[in-house]
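Read through the structure below, which is laid out as structure tokens, and then see the notes.
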Amino acid sequence: MTFVCGNCGKEYEFKELSFIRCLYCDSKVLFKKTPPVAKRVSAD
């Protein structure tokens, strides 16, 4: 899973979710990065 640090903005790939912290600024605020997916919406 790819996470983005809320403090410094660096991206990380974590295999195990037991210890999640930023490796540079030691922040615990991380956001899960979602893949870009195009959604189709009908215009009815």
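Bear in mind that the values in this text are calculations on the coordinates, not laboratory data. Not measured: the values here are computed from a predicted model. A quick note on method: Cβ atoms are made from the backbone with ideal geometry, for glycine too, and the neighbour counts reach across all protein chains shown.
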Any residue that is in a strand (DSSP E or B), surrounded by 10 or more Cβ atoms within 10 Å (Cβ to Cβ) and free of Cβ contacts under 8 Å to residues at least 24 places away in the same chain - is there at least one of those in region 18-35?
no
Within region 2-15, does at least one residue satisfy the condition of being part of a strand (DSSP E or B) and exposed (fewer than 12 other Cβ atoms within 10 Å of the Cβ)?
yes
Cys5 being within 12 Å of the chain's Cα centre (by Cα) and free of Cβ contacts under 8 Å to residues at least 60 places away in the same chain
yes
